[in-house]
Structure formats: C-alpha cells, structure tokens
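Asks: Supplied in structure tokens, the structure appears directly below.
The values are calculated or read from the model by the stated rules, or taken from the named source; none is laboratory data. Keep in mind the model is a prediction, meaning the values are calculated, not measured. Don't worry about glycine lacking a Cβ; one is built from the backbone with ideal geometry, like all the others, and counts go over all protein chains shown. Keep in mind that these areas ignore ligands, DNA and RNA; they rest on the heavy atoms of the full protein, side chains included. Shrake-Rupley method; radii C 1.70, N 1.55, O 1.52, S 1.80 Å.
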Amino acid sequence: MSQNHFRIALAGNANVGKSVIFNQLTGLHQHIGNWPGKTVEKAEGTLHFKGYTIDFIDLPGIYSLSTFSMEELVSREYIATEKPNLVINVVDASVLERNLFFTLQLLELESPLLVALNQIDMATKKGIVIDVEKAEKILGVPVVPTVAVSGKGVYRMLETAIEVIEKKRKTEPLKPRYGKEIEERIEDLTILLGKVELKYPARWVAIKLLEEDSEVEKEVRALSPEIVAAAERMRGELEQLHGHSCPTVVTCERYHVASMISEQIQTITEPLKTPLREKLHTATTHKIFGYPIMLATVLTVFIAIFSFGDFTSVLLGDTFFGLKPAFDSVLGTGIVGELVWGGVMEGIIGGVTIALPYILPFYFLLYIFEDSGYLSRIAFLMDNLMHKMGLHGKAFIPVMLSFGCNVPGCLGCRIMETPRERLLTAFVVTLVPCAATSVIILGLVGTYVGIGWALALYIINLIIIFVLGRIAFKALPGEPTELIMEMSDYRVPHIKTVAKQTWFRLREFIVMAFPLIIAGSFIIKVAEVANLLDPITNISSPVTVVWLGLPAVTGIALIFGVLRKELTLIMLATLFGTTNFALVMTPVQMVVFTLVVMLYIPCVATIGALVKEFGWKKALLITVSEILLALFVGGIAFRLLTII
Ligand SMILES: Nc1nc2c(ncn2[C@@H]2O[C@H](COP(=O)(O)OP(=O)(O)OP(=O)(O)O)[C@@H](O)[C@H]2O)c(=O)[nH]1
Ligand SMILES: [Mg+2]
C-alpha cells in the first residue's frame, strides 16, 4: 500500500450497523436489515477522504473468532492474514457486554483497533449511559460514539481512524488477562510457540489451542506436533480443575472480563414504564395472539400492494396507450411503425404498467418489515412449522426475503447452521414466489380472475412448499438444530435506509429488466413479422396446449421467463398485442399459467446464486425437479379446474 492508501476492515457482531456505516462511506449498497447474518461475504468499497484513499471492507457479523461458521472463517482470515491497517470494531452500545466479548478477541489477535460505539441512540432510549473516556482508558484504543443511520459521529470516526493509522495518536491496547490457572498455561504454550514460525500472534494461538480450534490446531500440528500434545494435556488439566470442557472455561473467563469492563463503563437506569417496543415484542411473539397478528399484518400488506398496483397499473396503462394515435401519426402504421410500437414501446409500456406498480410497494413494505425487526419475529413464530420440514424458524428469514427476490433468499441460506439445512432451505426458497412472480399473480390472476384466487395461489404455493420441504427432509434426514436466534429490539424503521434499499432494487429492475424486456419484445415482433413464431409454438404445444390447456403462444412466453419471471407476462402482452388479458385467456388458463410460472424454474439470476452457493450439480437438480413439478401441478390444476 502506498503512503496515503489504507485498508480498514469493519468487524463486529451481527446486526450492529457495519453495513450502514460501510454504505455511507463507500456509496455502495450492502444489504441492511434488522436481523443478524445479512452480510455473508466480505464486500469492498473505496473512499477518498482528505487526500487519502481508503479501501473499506465490510465483514460478515460474527460472535467469535473461532471457525464454527463460514462467516467466522471469512472474517478471521481477513483480519488475521490480510492484516488491514486498522480494524474498526463496530459495537452495539445497547448490548455492550456481549459485544465486548468480541472486542476482547480482536484485542487478543493484536489487530490495530478502533471501537465505534454505534447505536448510541438506542442505548440512550434503553437508559444506558456509557462513559466513553473510561472506555478508552480501559480498552487502550480510541472509542468513538456513532449513530450510523443518521451519520452522527462517522466523520469523527474517520478522522480518528487516520490518526491511529498515521500513529499520530498513541494507543496502548488492553491485553486481556484471564484466571491464574488458564494464564499459566497460556504463558507456557506461548513460550513453546515462540520457537516456531506463526502467521498469528503466539498468545492468540495459545488461547485458540486451549479453545480446541481445529483450524489452528491443524496448522500448529504441521509445525510441531509436540505443542499440540502439550495443549491437549493442558486442556485435560483445566477440565479436571474446573469440571467443564476447556473451551467452555475459556469462554466463561472471557465473558467474565467483558462483564467487568462493561460494569465499569456503563450505567443503566431502568425505565419507569415498559417501553412500547417491548410491549410490541410481547404481543407479536405471543404464543396465541402472535399468529392472528401475523396473519392480519401479512393480509393487510398483501391487499395494500394489490390495491396500489391495480390502481396505478390501470392509470399508467391508460395514459400510455392514449399515446398510440399520436405515435401512429408520426411513424405511420406500416412495418416500421409496427416494429417500433409493437417491438419497443409495448415492451416498455408492459414493463412500466405491469411490473413497476407491484414491485415498488412490495419492496418498500418488505424492507419496512425487515428494518423494524418484525421479520425475525415471524421467523420465531414459524419455528414449529419449520421443524416439520427439518428446519427451524430461522429458515423463514430467507423464505420471507425470497418473496422479494430469490437471490438474497439463496444467499440468506448461509444463516443456517449445517450444509444439510442450507440445501433444504435453498430448495424451499426457490419455490417462493418472488416479486416478479407476484406481478403475475396479482397483475393477471388478481386483476382478471379475482383477488381471492390470487390469495389462493399464494396459499397453494405455501402448501406445496411445506409438502415438498417435508419430502426433502425425509430424503435428507438429520436432526434439525434448535432455534438459536437472537432477536434484536424493535426499531422505528429508518425511512431513508428503507427508501434507499427500495430504490436500489427498483434501479436494478430498470437497469436489468428493461433492456431484456425491450430486446425480448423486439425479437418477438421481428419473429412474428417474419412468420417464425409458429415453429416454436408447434414444438411446445404438446406441453402447453395439450397437457396444460394454455394458448400456444405461452410456450414462447415461458421460454423468456427463464431470464426474468415477469417477462412471461410482459411477453405475453406483446404476443397477444394487448395488456387486456381477459380478451385472450380464460380464467382457468390464467390460473394454470400463473401456477406454472410460479413453480417452473428459478430464473437465471437465482440459478447463478444456487451454483455459487451449492455447485452446479445441486443447482441443476433443483432446477430440473422444479420444472417437472410445475408441469405436473399445472396439468393437474387444468384438469381439476375444468371439471369444476
Ligand atoms: N437506531 C439505530 N439503528 C441502527 C444504527 N445503526 C444501524 N442501525 C440499524 O441496525 C440494523 C442492522 O444494521 P446493518 O448495517 O445491516 O448491520 P450489520 O452489522 O451489517 O449486520 P450483519 O450484516 O447482519 O452482520 C438495521 O436495521 C439498521 O437500520 C444506529 O446507529 N441507530
Ligand atoms: Mg452487514
């Protein structure tokens, strides 16, 4: 790194505000929400500040520097081996003690440190006052209070960070010390470790050996098996002395130190009456009332999205199609006019009128749910049901996120503890109707068949997910891990953050989907003019017409849907030459078509995410089984609905 070029890593527990700070500093848009485990891979962004170029690294939230989970491994490897110039330990000031547990581990790792005491506003609301000066004195590193969502303190944090890196500010990091029996053994091990070449500080390695860290043990064994043998012996001795496993003893000792420090630096005044957020928490997680509240909330959201979408869709459609005469008068109604109107304009109109009105409120409300903390309460309520699929409530978070888009849903599977649970969750997640599928459910079935049918489709989808999840569970047996989920406090959703996230999603939709929509419509129009559509529809018609009872052109629409699911409907509008689907499809056809689209294939982006997370074989397996499932369900539905 050159003189004015630094690397700073943001590390800390999950859900403390690292990504909010990262986004603010780098202008990037990492996923933000009020539940732990959103950031799963490290992200990098650059800031130019006072003549310095600073690369920031947003690390996944972790609770320890062990290697129990992928996130812990990612974060630890980065801090320990890439050696950033500074680690900013983002701390949630409203749960100081638990956060300090991690700070102590960073101090053990001897990384250059600055503590950002974030969420001071939440701490104040809880009656917690922190003595920053004292904290600095005890920890021996700078401590800067911040409120990331409003940017308060972030500038000072940056200035201080540079002072520390430039060594203009002296630090004397605390060297955490534990009980006598442990300390003696750590010292003995450290002396032994001093004789070999290590990439980590010797004392840290000594502690990790006592904690039975398998990665560290493997590395040390390769250098000197005797040291590992000595550590094993010492672990046995400590277990004898304390009556607990050695890693537990070390954890307890560390908690004890964290607790002593937090006692010294914070004072808590109990609020006189129960705060609203706690009342809300009690009501929404109540074992009886929690469920009707959840149902009512979800239904309200559903109806709100539908009403908004339906209203704006008609309004926009009328406005745009009102432009046709003016358009015709400029380009005429010949082949050029037809290609431009049918191939380009209708695609754009389809995108704007069919998709946007539903996608916008959808994301907005989903992010409100996410940022307030209600999402993790729903996960908690769903725990019982999820257990029947061999999963636990936490799996419901990726499921809920998938209603927005399956891609974050697939990435969110990382919050599951075991590979088996991750795969099961991914399978379930890709069956969830994403916002694009909702466009079809609401825009086609909701508008032309009835809102009740749209709701029924969601319910059928959930039932299918449940049944298949259960079958997959039987095929991949294993004990589900118990739900260990930390539920962060409710917060008033930060509207700016929510609006920003909605905007990024919307922008992504416009940037990614619109070119596809326009290209798709154009190809279809050209193929139509050149009489090329028939061969394709003929090939697909045994499936579409004979088995599913759909109009033949749906074959083409379904092919486009692999790119993005809303394309199926928009392409259908182009193929039919109208957005008034009542003229060209029967209600049964609309329901069957939507069912097929809902289940038939994860879109390319989702397949990409699956390949990345699980490898192409499993991605292919999921894809093929979902195509077969969609055709099976669609065919059955067609026959059943025709009988009725
Ligand atoms: N009130 C308040 N809320 C905050 C503050 N900083 C972050 N939040 C909220 O805290 C939640 C978590 O923020 P994130 O930035 O996603 O947390 P993270 O540390 O990146 O979390 P993971 O990626 O899951 O490890 C979000 O709901 C934020 O809006 C703050 O200073 N005050
Ligand atoms: Mg994050």
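Asks: Note the per residue figure in Å³ for the convex hull of the C-alpha positions in the stretch 10-88.
Replies: Roughly 81 Å³ of hull volume per residue.
Asks: Right, something else. Please report the Cα spread of the stretch 368-505 along all three principal axes, rounded to whole Å, starting with the longest.
Replies: 43, 36, 23
Asks: For each pair in 38/500; 474/617; 279/388, compute the distance between the two Cα atoms and list the pairs where it is over 23 Å.
Replies: 279/388
Asks: Please state the charge dipole magnitude for the chain, taken about the Cα centre, from unit charges on C-beta atoms (+1 on K and R, -1 on D and E), reported in debye and rounded to the nearest 20.
Replies: Around 780 debye, computed over the chain.
Asks: Now for a different question. So what's the net charge close to residue 96: Lys and Arg +1, Asp and Glu -1, counting the other residues with Cβ under 12 Å from its Cβ?
Replies: -2
Asks: With a 1.4 Å probe and every protein chain kept in, tell me what percent of the accessible surface of the chain is carbon plus sulfur.
Replies: 66
Asks: I need the per residue convex hull volume for the stretch 522-565, using only the alpha carbons, in cubic angstrom as a whole number. Provide the component values of the computation, followed by the final result.
Replies: Values: hull volume 2.9 nm³, N = 44.
Roughly 67 Å³ of hull volume per residue.
Asks: Measure nothing but the geometry: give the 0 to 90° angle between the long axis through the Cα atoms of 154-165 and the longest principal axis through the Cα atoms of the chain, rounded to 10°.
Replies: 50
Asks: Taking every pair of alpha-carbon atoms in the stretch 257-306, what share in percent sits in each 5 Å bin, from 0 to the bin with the longest distance?
Replies: 5, 16, 13, 13, 12, 12, 9, 8, 8, 4, 1
Asks: Work from the charge dipole of the chain (Cβ charges, +1 for Lys and Arg, -1 for Asp and Glu, about the Cα centre) and give the residue of 594, 81, 109 farthest towards its positive end.
Replies: It is 594.
Asks: Round to the nearest 10 and report in Å² the accessible area of residue 221, as given by a 1.4 Å probe over the protein chains' heavy atoms.
Replies: For residue 221, solvent-accessible area is about 110 Å².
Asks: What is the helix-to-structure angle for 246-265, meaning the angle in degrees between its Cα long axis and the longest Cα principal axis of the chain, kept from 0 to 90 and rounded to the nearest 10?
Replies: The helix 246-265 is inclined about 90 degrees to the chain.
Asks: Now for a different question. For every other residue with a beta carbon closer than 10 angstrom to the beta carbon of residue 10, add +1 if it is Lys or Arg and -1 if Asp or Glu, then tell me the sum.
Replies: With Lys, Arg at +1 and Asp, Glu at -1, the net is +1.
Asks: How big is the shadow of the Cα convex hull of the stretch 81-204, averaged over all directions, in nm²?
Replies: 8.9
Asks: Grab the eigenvalues of the alpha-carbon gyration tensor for the stretch 90-159, scale each by 5, take roots, and send me the semi-axes largest first in whole angstrom.
Replies: 19, 14, 11
Asks: Here's a follow-up. Please report, in Å, the Rg and the Dmax of the stretch 448-563, where both are computed over Cα atoms only.
Replies: 21.8, 61
Asks: I've got another one for you. Loop-only chymotrypsin sites (Phe, Trp or Tyr not before Pro) in the stretch 509-596, please: DSSP not H, G, I, E or B, and at most 14 other Cβ atoms within 10 Å.
Replies: Working: sites: 509, 522, 547, 560, 576, 581, 593; in loops: none.
Hits after loop and neighbour filter: nothing returned.
Asks: Take the alpha-carbon centre of the stretch 203-245, take the same for the stretch 602-644, and report the distance between them in whole Å.
Replies: Answer, in whole Å: 48.
Asks: At 1.4 Å probe radius, can you tell me the per residue accessible area of the chain in Å²?
Replies: On a per-residue basis, the chain sits at 43 Å².
Asks: Using only Cα atoms, figure out Rg for the stretch 276-339 and give it as a multiple of 2.2 N^0.38 Å.
Replies: Ratio of Cα Rg to 2.2 N^0.38 Å: 2.22.
Asks: Give me the angle, in degrees from 0 to 90, between the Cα long axis of helix 604-614 and the longest principal axis of the Cα atoms of the chain, rounded to the nearest 10.
Replies: 30
Asks: What is the mean projected area of the alpha carbon convex hull for the chain, to one decimal in square nanometres?
Replies: So the mean shadow area of the Cα hull is 33.8 nm².
Asks: Right, here's the next one. Under a straight-distance cross-link criterion of Cα-Cα below 16 Å, which aspartates and glutamates are reachable from residue 152, leaving out those fewer than 8 residues away in the same chain?
Replies: 92, 121
Asks: How much space per residue, in cubic angstrom, does the convex hull of the C-alpha atoms of the stretch 360-429 take up?
Replies: 73
Asks: Considering the Cα trace of the stretch 1-152, what is its radius of gyration and what is Dmax, both in angstroms?
Replies: Over the stretch 1-152's Cα set, Rg and Dmax evaluate to 14.5, 45 Å.
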